[in-house]
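Have a look at the structure below, then the notes.
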Amino acid sequence: MRRKFLAAMLLAFAMNSPLFAQALDDAVRQDLPDLMALYRDLHENPELSMQETRTAALLAAEARRLGFEVTEGVGGTGVVAVLANGAGPTLLLRADMDALPVEEQTGLPFASRVRATSVAGVESGVMHACGHDTHMAAWVGAARRLVAMRDDWSGTLVLIAQPGEEIGVGARAMLEDGLFTRFPKPTHALAFHDSASLPAGTIGYSVGPALANVDSVDMQVRGVGGHGAYPHTTRDPIVLASRIVSSLQTLVSRELDPLEAAVVTVGSFQAGTKHNIISDEARLLLTVRSYTPEVRHQLLDGIRRVARGEAIAAGVPEDRMPVVTVREAEFTPVTLNTQSLTEATADRFRSHFGADRVRQVRPIMGGEDFGRYHLADPAIESLIFWVGGVPRERWDAVDGDVSRLPSLHSPFWAPDAEAVIATAAEALTVAAMGVLGSP
Ligand SMILES: [Zn+2]
Ligand SMILES: [Zn+2]
């Protein structure tokens with residue numbers, strides 16, 4: 001017992017030492033050619049959400065080779081790889097596997113030429129435009145290091161390769177398929193995402209909310225159709241829907257506490273067929289974003305009230321009131337970084353990488369279903385951090401003005417994959433050792 005304690009003390013001391021940092025850095029550099037080969041393979045052969053069969057098989061094989069006990073087909077194509085290594089915390093390390101329906105235009109030698117049909121039935125090009133290929137390569141890199149260092153830590157590693165992040169269903173599918181009951185339940189959860197807003201090889205993190213609640217809302221605005229020459233005999237749904245779009249702007253600007261953050265965007269407005277026909281219906285598609293359940297409900301209630309109120313003002317009959325549908329199945333909840341894990345890990349990152357490579361960043365209004373693991377049991381400490389992917393020369397060329405660079409999901413997004421994978425593999429290892437290696 002005492003020996004174990006001493007060993008842990010020594011390790012805690014050693015992990016903050018320049019020697020440990022250099023040794024880990026060197027080991028990851030040695031792994032890098034393999035990890036880059038895996039990355040290029042994944043990049044060239046992307047698969048759409050909930051269709052990640054080849055990808056999952058590759059990752060399962062990597063984990064098996066490393067000695068993990070691997071289960072495939074969890075929540076669709078999900079992979080769970082467990083390494084029990086004595087008493088201690090249980091750490092979940094997650095990579096997401098899916099690519100996007102985007103036709104790649106990076107011009108990279110290993111660019112994707114894959115085409116596929118999504119689960120929604122839309123055929124398109126397929127690309128790892130969100131960088132999940134870098135996530136998977138770094139996940140393998142961290143697994144290799146942690147296996148190599150297994151004498152220096154104690155606990156259980158649960159590596160998961162998650163499907164369907166881009167359509168917001170994968171984390172829930174894995175949870176519903178028994179992720180926390182069929183396998184060791186985590187005390188801690190870790191992940192990273194590549195960033196198109198940070199220079200290559202830097203790390204960003206936020207404490208508390210990191211990404212937002214994301215709701216998709218459909219609105220069917222019904223009117224009374226007729227001839228375009230006789231508007232007085234109709235109730236024009238296009239004029240009504242236009243008023244609704246304008247009024248929705250005040251939900252955030254006039255009704256919300258100015259210190260709260262939220263977004264209401266009407267991303268689609270469809271109506272009508274011909275110049276001289278007043279249609280009897282218009283359809284709006286909205287994305288609604290917030291950080292708290294209270295603001296979320298305030299916005300969703302406000303959307304229903306504005307729709308109904310404007311319809312009444314337009315004289316629409318009671319049986320033709322707008323139909324507002326919140327797509328609950330597609331809801332992505334807020335992603336929270338818990339304070340103690342986040343601050344402790346950020347400190348470790350600073351001493352490992354140097355303070356100039358680690359910065360606290362603001363939360364964003366993007367969505368990410370990683371937050372579901374923590375929300376399934378708020379006792380689980382959770383952190384998702386960013387690893388910068390913008391190639392240095394491109395960053396310098398625009399002086400850090402990322403609005404002039406491709407964003408995530410752009411067909412032109414080509415991160416400095418070596419920098420992302422090396423930094424992230426190292427960072428995940430440092431963060432995991434912080435959880436599993438402490439006395
Ligand atoms: Zn994405
Ligand atoms: Zn992503």
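The values are calculated or read from the model by the stated rules, or taken from the named source; none is laboratory data. Because the structure is predicted, anything quoted here is derived from the model rather than measured. Please note: Cβ atoms are built from the backbone with ideal geometry, for glycine as well, and neighbour counts cover all protein chains shown. The protein model used for the area step is the full one, side chains on, heavy atoms only, and it has no ligands, DNA or RNA in it. Shrake-Rupley method; radii C 1.70, N 1.55, O 1.52, S 1.80 Å.
Rounded to the nearest 500, the 222 nm mean residue ellipticity of the chain from helices alone is -12000 deg cm²/dmol, with -39,500 (n - 2.57) taken per DSSP H run of at least 4 residues. At q = 0.14, 0.20, 0.26 Å⁻¹, what is the base-10 log of I(q)/I(0) for the range 217-281 according to the Debye formula with one equal point scatterer per Cα and no solvent? Please give it to two decimals. One equal scatterer on each Cα of the range 217-281 leads to -0.51, -0.79, -1.08.
For the chain, find the longest principal axis of its Cα atoms and tell me its angle to the long axis of helix 417-436, 0 to 90°, nearest 10. Around 70 degrees separate the two axes. Rolling a 1.4 Å probe over the protein heavy atoms gives the chain an accessible area of 43 Å² per residue. Restricting the calculation to Cα atoms, the range 198-320 shows an Rg/Rh of 1.13 when the hydrodynamic-style radius is the Kirkwood one. Size check on the range 158-269: the Cα extents along the three principal axes, sorted descending, read 67, 34, 29 Å. Once the Cα atoms are used to define both axes, helix 293-313 deviates from the longest principal axis of the chain by about 10 degrees.
Taken over the range 368-438, the convex hull of the Cα atoms encloses 121 Å³ per residue. Using every Cα-Cα pair within the range 22-147, state what percent have a distance larger than 22 Å. Summing the P(r) of the range 22-147 above 22 Å gives 40 percent of all pairs. Of the GluC sites (Glu not before Pro) found in the range 251-326, those that fall in a DSSP loop while having at most 15 other beta-carbon atoms within 10 Å are Glu260.
Here the scattering of the range 71-127 is modelled by Debye summation over its C-alpha atoms, one equal scatterer each and no solvent; at q = 0.12, 0.15, 0.21 Å⁻¹ the log10 of I(q)/I(0) is -0.51, -0.67, -0.91. An ellipsoid equivalent to the range 246-316, defined through the eigenvalues of its Cα gyration tensor, has semi-axes of 28, 14, 9 Å when rounded to whole angstrom and sorted largest first. The value obtained for the chain, namely the Cα convex hull volume divided by the number of residues, is 159 Å³ per residue.
Counting every pair of alpha carbons in the range 300-404, the share spaced more than 19 Å apart comes to 67 percent.
Compared with the dominant Cα axis of the chain, that is its longest principal axis, helix 339-353 is turned about 60°. Restricting the calculation to Cα atoms, the range 344-391 shows an Rg/Rh of 1.02 when the hydrodynamic-style radius is the Kirkwood one.
Count the DSSP beta bridges whose two residues both fall in the chain, then state the antiparallel fraction as a percent rounded to the nearest 5. Antiparallel: roughly 70 percent of the beta bridges in the chain. For the range 21-73, carbon and sulfur atoms together expose 46% of the accessible surface, with a 1.4 angstrom probe and every protein chain in place.
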